[in-house]
1. Condition first: of a type outside the set (A, V, I, L, M) and closer than 18 Å to Gly49 by Cβ. Now tell me which residues in the range 210-249 satisfy that.
2. With respect to Asn97, is the statement that it is under 20 Å from Ser170 (Cβ atoms), buried (at least 17 other Cβ atoms within 10 Å of the Cβ) and either in contact with a helix residue (DSSP H, G or I) (Cβ under 8 Å, 6 or more places away or on another chain) or at pLDDT below 95 (or both) true?
3. With the requirement that a residue be more than 15 Å from the chain's Cα centre (by Cα), under 26 Å from Asp239 (Cα atoms) and of a type in the set (A, V, I, L, M), what does the range 130-150 give you?
4. Among the residues of the range 226-260, which ones are exposed (fewer than 15 other Cβ atoms within 10 Å of the Cβ) and of a type in the set (Phe, Trp, Tyr)?
5. Tell me which residues, restricted to the range 108-129, are over 20 Å from Gln209 (Cα atoms) and either acidic (Asp, Glu) or under 20 Å from the mean Cα position of the chain (by Cα) (or both).
6. Scanning the range 166-222 for residues that are more than 16 Å from the chain's Cα centre (by Cα) and of a type in the set (Asp, Glu), which turns out modelled with the lowest pLDDT?
Amino acid sequence: MIPQHRPALALLALCMLGLTGMPSLAHADNEPTGDFTNYVGAGVMRMPGWIGSDNHRDQLAPFIQVTVDKNITLSTSDGLTVDFIHRDGWQGGFYGNYMWGRSHEDLGPRLAGIVDSLSPRLNAGGYIEYHPNDIVNFGATLSHDTEGAGAYLNLYVDSGLPPLWGIEESIQLQWQAMNAPAMRRFFGVTATQAAQLGTYAWNPSAGNQQIELEYDALIPVTRRTAVLLSVDYARLLGDAADSPLVKRFGSANQVTTSLGFVYRF
């Protein structure tokens, strides 16, 4: 969800604790008996250089989705979840994720050296989901930086789509809010920075951060391999969209696409 410069160590951390959007998809009709919802692979992502950026960059990335004992899921898109609630359509428990920052290179010549670079952070908290059927689920995550004062609330709904030519598809709609420290971290501009940039200072408060729509597809190639495709559009909201970093030097419209090749098991 937060696309930034990723060194090899950060990619390894992503493998362990994940990022925003691609749900597990059921196996194609021509698959042998078995779920085949677990997968490992690699691919490329094209993403904004930082939250609110109008420039994009290409990034090699892993694709991992592994569930252990039906209660622990490790995903490079959905993070780490450990279930303590699993009955009557409800599912919930511990939630952990990895949130990218922004490097000097990501900021580019207009902002680098003036706007602060940000180191990546882990955040942890809880999640709850309700599954009225096998197709749709409603959920929420609430998390806090493990080192820092940022807090994040996400509300989402996932829905599978009818298979088309063996292609398995799903969509997700998500709304996210941040507390004031998180908003200031990503979108704040001090008076000194504003003077250097020739713009206005910005001290955002807690509230809406973005609304996001994501489409995911799993395209079978062989009995155990597939291509993953994801297209994500996010629109920044509220004080995030009104930040001079976004209005003067970026864009409130954020598009991320990814393409990967995976082995399913």
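1. Selection gives Gln210, Glu212, Asp232, Tyr233, Arg235, Ser243, Pro244, Lys247, Arg248, Phe249.
2. yes
3. If the condition is that a residue be more than 15 Å from the chain's Cα centre (by Cα), under 26 Å from Asp239 (Cα atoms) and of a type in the set (A, V, I, L, M), then Ala149 is the only one that fits.
4. Scanning the range 226-260 gives a single hit, Tyr233.
5. Hits for the range 108-129 are Ile128, Glu129.
6. Among residues in the range 166-222 that are more than 16 Å from the chain's Cα centre (by Cα) and of a type in the set (Asp, Glu), the one modelled with the lowest pLDDT is Glu168.
Residues are listed down the side, and each one gets a yes or a no for (1) touching a helix residue (DSSP H, G or I) at 6+ places or on another chain (Cβ under 6 Å); (2) buried (at least 16 other Cβ atoms within 10 Å of the Cβ); (3) at positive phi:
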residue: Asn133; (1), (2), (3): no, no, no
residue: Tyr152; (1), (2), (3): no, yes, no
residue: Leu155; (1), (2), (3): no, no, no
residue: Leu173; (1), (2), (3): no, no, no
residue: Gln176; (1), (2), (3): no, yes, no
residue: Arg185; (1), (2), (3): no, yes, no
residue: Thr190; (1), (2), (3): no, no, no
residue: Ser205; (1), (2), (3): yes, no, no
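The values are calculated or read from the model by the stated rules, or taken from the named source; none is laboratory data. This is a predicted model, so every value here is computed, not measured. Cβ: placed from backbone, ideal geometry, glycine included. Neighbour counts: every protein chain shown.
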